[in-house]
Every structure is written in C-alpha cells, then in structure tokens.
Amino acid sequence: MGSRSQPPSPPLAEKVKHEMELFGDVRVDNYYWLRDDSRKNPKVISYLQQENAYTEAMMSGTKKFEDEIYAEIRGRIKEDDISAPLRKGPYYYYSRTLEGKEYVQYCRRPIPNRDAPSSVHDTMPTGPDAPPEHVILDENVKAQEHGFYRIGAFKVSPNHKMVAYAEDTKGDEIYTVYVIDAETQAPIGKPLVGVTSNLQWAGNDALVYITMDEILRPDKAWLHKLGADQSNDSCLYHEKDDMFSLGLEASESEKFLFIASESKITRFVFYLEVSKLEEGLKVLTPRIIGIDTSVSHRGNHFFIQRRSD
C-alpha cells in the first residue's frame, strides 16, 4: 500500500518589525512590508505567488467540481444582452455584453423621431430598419493589452460629441481619464493621471474630477479645461479634515455640479454653476456636525434633503 503524499505546508510570511505612531500610541505591524502600492516589489509578488500556489495545491481535489459549478452559473447567464437604453438628447445610450466575452461595449443609437416628447413608453427600435447602432468604446478590445482592466466612469459630453472615461489597468482604483471623439475615438487632449473615477462634464469645454491623498482619501476637487495641461488645473476645494471624503455629482438639469464632503454623520454640499465656472464653488449647505444633507435641482430651485438626530 503506497503512502499518501503529505499536503504542502503553507508559506510563512517573514516578520519585519515596523512601528507606527499615532495620537501618542505606538503599534507594531510585522507585515507592513507586504503593502506595495507600486505593485512591482519582487519580494511581495514572490510571496503572493507562493500563497496562490499553495491554494491551488490544497484545492486541486475539487478542481473538476469547481469547473462544473462555473459552467452551470455561466449557463444561467444571458450573455448576449443589453442594458436598459437611456434616452438622452438625440440618442439612446446603452451597454452591450457579448456571448463568450468578459467585457462590455458602450453603444448608442439615434432616436428616429427626436422631436417627439420623451415618455415612459419609449422603446428603442432594433432590427434591420432601425437607425444603425454605433459602438463608442469596446472594453473587450481595450482589455486585450492588460492583465487587469476596468472602466470606472463613462461620461458623454452635453453636446454628445465627446466621451470622458476613467480607466484602471492595475486594480488599485487609481484611474487615468481619457477624452475621445464619440464618433471616431480620436483622443482629445492629454489624459488626466492619478485620479478617481468620480468625474463629471462641466459644459462641453471642461471636466471636474477628484483626486486622493496618500491614504487614498478623496480630498481634492479640480477643474480641467479641455486642451489644457493637467498641471494647470485649478483646485476647486481641498478637504483637509481627514474625517471627511469628497463626492461629486451632476444635477439632472445639467446646470450644476454638486461637490459634497461627508463623514459618518455629517454631509455638506457646494455647487458649481456650469455656465459660470469662473465664479467657482459656492456653499449650498453649511458644515454642521450631525447634519447630513443631499441636494438636487429642478427649474429655479435647489431641493435639499436633511437628515439629523
């Protein structure tokens, strides 16, 4: 009778003493060396490869079962599908998934009768007689050049001529923003690097975006004029209190952008009027600890939702 082979022993991470002091308290993290924001440290990569090899060895007996479960899950997914089309301006916008493909296509199709008022009963025409579909961007093509690929934002300009999209090719959620011609995919200006995926158009000639500090807290909002160098972008707001993080959203009317700063129990909001960018941010709701506000805009009014104790 042959002896059963011994299971492999798990890799042991080296202990390297690392002291961190905060509020007069010192704590030791022996595994701090495993943090590698560059994703290039050969020692860290080697250790992760050992962990993965150990996992594969320990799970080798269930590989066939895993493949069966995966195939069953895939079999229940409608792979060739589109999202609910969104009518915006002269187009329907939607994303498409293709059978056997991992990523989506961002598409649009002209509205046949664009003068008809929008309705909840709108249905995007399809078939041979429908206006032709245009694929603005195909993630499947983009992803071929990278081991990891994610588009975190896909924003069409108000005049529908351009698209700004935020791309992450490392998995660290630090994005690069590209602006392209919606019809030809030709690049417009230089990309914005080291930013979050929180991005909005401010009219057709400018973008507002958010960057993070060294602990990856969204802390600065910037205004970027198309064609300008990123080093010349103006900082609209810097949230220096590390209990707060910044968020960005556009009003449905597209007349305003809202920049919010929030902590666990507090949220306050600035607004930027798109037609008067030179006036900068204005306070819409003040910073009051314990008061959480959300805002929207319609007609001639801001609407403010307020939550407190």
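Step through the table entries 88/240; 142/282; 64/155; 190/240; 101/240; 15/220, compare each Cα-Cα distance with 32 Å, and write down the pairs that go over it. Mind dumping the intermediate values first?
Details: 88/240 37 Å; 142/282 39 Å; 64/155 42 Å; 190/240 28 Å; 101/240 43 Å; 15/220 36 Å.
From 88/240; 142/282; 64/155; 190/240; 101/240; 15/220, over 32 Å: 88/240; 142/282; 64/155; 101/240; 15/220.
If you place +1 on the Cβ of every Lys and Arg, -1 on the Cβ of every Asp and Glu, and leave all else neutral, what size is the dipole of the chain about its Cα centre, to the nearest 20 Debye? Don't skip to the answer; put the middle values down first.
On the way: 39 positive and 49 negative charges, 63 e Å.
The dipole magnitude comes to about 300 debye.
Which distance in nm do the two modelled labels at residue 34 and residue 242 give, with both placed 7 Å along the Cα-to-Cβ direction?
2.3 nm
For the pair residue 86 and residue 102, how long in nm is the line joining their label points, each one 7 Å along Cα→Cβ?
Output for this residue pair reads 2.6 nm.
Please give the calculated 222 nm ellipticity per residue for the chain, where each DSSP H segment of at least 4 residues contributes -39500 (n - 2.57) and the sum is spread over every residue; nearest 500 deg cm²/dmol? Before the final figure, lay out each step's value.
Values: 3 runs with 35 residues, N = 309.
Calculated mean residue ellipticity at 222 nm is -3500 deg cm²/dmol.
If you bin every alpha carbon distance in the chain into 10 Å steps from zero, what whole percent lands in each bin?
P(r) over the chain, rounded to whole percents: 5, 18, 25, 24, 18, 8, 2, 1, 0.
Would you mind computing the Rg to Rh ratio of segment 78-145 from its alpha-carbon coordinates, Kirkwood style for Rh?
Rounded to two decimals, Rg over Rh is 1.02.
To check my understanding: the extent here is largest minus smallest coordinate of the Cα atoms along each principal axis. What are those three numbers for segment 1-135, in Å, largest first?
If we take the Cα atoms of segment 1-135, the spans are 71, 62, 26 Å.
Can you tell which of 104, 16, 163 shows the greatest fluctuation in a Gaussian network model of the chain with Cα springs below 10 Å?
Among 104, 16, 163, the largest mean-square fluctuation in the Gaussian network model of the chain belongs to 16.
Binning at 10 angstrom from zero up to the longest distance, how are the C-alpha pair distances of segment 11-54 distributed in percent?
Reading the bins upward from 0: 26, 44, 23, 7, 0.
Please list 309, 181 in order of solvent-accessible area, largest first, computed with a 1.4 Å probe with all protein chains present.
309, 181
Testing the spin-label approximation: label points 7 Å from Cα along Cα→Cβ at residue 146 and residue 176. State their distance in nm.
0.8 nm
What is the distance in Å between the Cα centroid of segment 93-144 and that of segment 197-268?
Cα centroid of segment 93-144 versus Cα centroid of segment 197-268: 29 Å apart.
Note the full-extension length gain between residue 278 and residue 303 as 0.36 nm times their separation in residues minus their Cα-Cα distance, in nm to one decimal.
My answer for the length gained is 6.6 nm.
Counting only C-alpha contacts under 8 Å and six or more residues apart, can you give the relative contact order of segment 78-145 as a whole percent?
On the way: 100 pairs, mean separation 19.9, N = 68.
Computed over segment 78-145, the figure is 29 percent.
Would you please state which residues of segment 27-62 a label at residue 16 would reach in this model, taking the label point 7 Å out along Cα→Cβ and a backbone N cut-off of under 16 Å?
Under 16 Å, as judged by backbone N against the label point of residue 16, lie 28-49 of segment 27-62.
Quick query: amide H of residue 266 versus all other amide H atoms, modeled in the peptide plane; which residues come in under 5 Å with a sequence gap of 5 or more or a different chain?
Correct list: 290.
The values are calculated or read from the model by the stated rules, or taken from the named source; none is laboratory data. This one's a predicted model, so the numbers in the text were calculated from it and none came from an experiment. Every residue, glycine as well, gets a Cβ built from its backbone with ideal geometry; the counts of neighbours run over all protein chains shown. We work out accessible area using only protein heavy atoms, side chains counted, and drop any ligands, DNA or RNA first. Shrake-Rupley method; radii C 1.70, N 1.55, O 1.52, S 1.80 Å.
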